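What follows is a short report on a single structure.
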Amino acid sequence: KLSEGSEAAVVTADDGRALLGRSIVVAPGAWLTGLSRSLFGIHVPTRVSAETVCYYAPNEAATVDHSYHSMPVFCSDEDNGMGAFGYYGLPMIDVPGIKASAHYCGPTIDPDARPSSAGGVGGALGASVEAAAEERVVDVITSTSRFVGSTFPHVQVEPFETQSCLYTSTPDHDYVISRVPGFPRCVLAGGGSGHGFKMAPAIGDFAATLAMRDVEPPAVLKRFEVERLQHIEAYDESRHGFRR
């Protein structure tokens, strides 16, 4: 439970403990939509998807340096067969291979009920849901491997590791970094939309600026205000888009 007084915002835990702060930053990740509704009574539409990233090792005979010392971050608008967002990837950084994936192509999921192919507990969902999610994950890996094989001749075409991660995507694929309407002591941060991690220092800095209520926020933060999304309805899986 969250409430505001004249001097502080108060978060009350389930065990009755109260946490007080002059301002509070709420950064709920994949639970942005649900917690915005339960804490603040506002509508913040997002789509949570389980995305698969793949790691590919250089060939044993490769003489090309695939580390970040020589290889840049890369992206491609090549058709991945599953959406309009192409591929992205990173050079070798702390792992023995490059990272690549088809972007924004994974199955839509409930973060509280993830299919086993997306890091959830096997058997928690129905067989048809599990099968559909697994099929999509296989499609993402196959598409990514095809792209890697045609683009990087010195890299093996089978991934040595795959990982599941969650995207929390807003309708415009931009962040939410905003004071909460009706809750002047609260700041909402989220909606990374698949490109939040690398911007984390800036997002944290902006959120802290908003939390310091006596500091005028930079004009650029207007584009991240939550009000821009409140007229948009929930994600419609049958239409593969948000209802407007």
Subset of segment 131-172, residues over 20 Å from the mean Cα position of the chain (by Cα), closer than 30 Å to HIS43 by Cβ and of a type in the set (Asp, Glu), comes to none
Out of (1) touching a helix residue (DSSP H, G or I) at 6+ places or on another chain (Cβ under 6 Å); (2) at positive phi, the one CYS54 does not meet is (2)
From the options VAL157, VAL140, residue that is out of contact with any Phe, Trp or Tyr (no Cβ under 7 Å at 6 or more places or on another chain) and crowded, with 18+ Cβ neighbours inside 10 Å: VAL140
For segment 124-161, which positions are of a type in the set (D, E, K, R) and either not assigned by TED's automatic domain parsing to the domain that holds ALA100 or not in a strand (DSSP E or B) (or both)? GLU130, GLU134, GLU135, ARG136, ASP139, ARG146, GLU158
Name every residue in segment 200-219 that is in contact with a Phe, Trp or Tyr (Cβ under 8 Å, 6 or more places away or on another chain) and either modelled with pLDDT of 90 or more or among the β-branched types (Val, Ile, Thr) (or both), in order of residue number. ILE203, PHE206
If a residue must be in contact (Cβ under 8 Å) with a residue 12 or more places away in the chain, surrounded by fewer than 16 Cβ atoms within 10 Å (Cβ to Cβ) and not in a loop (DSSP other than H, G, I, E, B), how many such residues does segment 221-239 contain? 2
With the requirement that a residue be under 13 Å from VAL180 (Cα atoms) and assigned to a helix (DSSP H, G or I), what does segment 203-220 give you? ALA207, LEU210, ALA211
Take CYS75 and tell me if it is in a loop (DSSP other than H, G, I, E, B) and either of a type outside the set (Phe, Trp, Tyr) or out of contact with any Phe, Trp or Tyr (no Cβ under 9 Å at 6 or more places or on another chain) (or both). no
Kindly indicate whether any position in segment 65-72 is outside any helix (DSSP H, G or I) and under 14 Å from THR168 (Cα atoms). no
Those residues that are crowded, with 21+ Cβ neighbours inside 10 Å and among the hydroxyl-bearing types (Ser, Thr, Tyr), I need them from segment 38-54; list them, please. THR46, SER49, THR52
Taking segment 183-202, which residues are under 22 Å from ALA30 (Cβ atoms) and assigned to a strand (DSSP E or B)? PHE183, CYS186, VAL187, LEU188, ALA189, GLY190
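The values are calculated or read from the model by the stated rules, or taken from the named source; none is laboratory data. Remember, predicted model here, so these are calculated numbers, not experimental data. Every residue, glycine among them, receives a Cβ derived from its backbone with ideal geometry; neighbour counts consider all protein chains shown.
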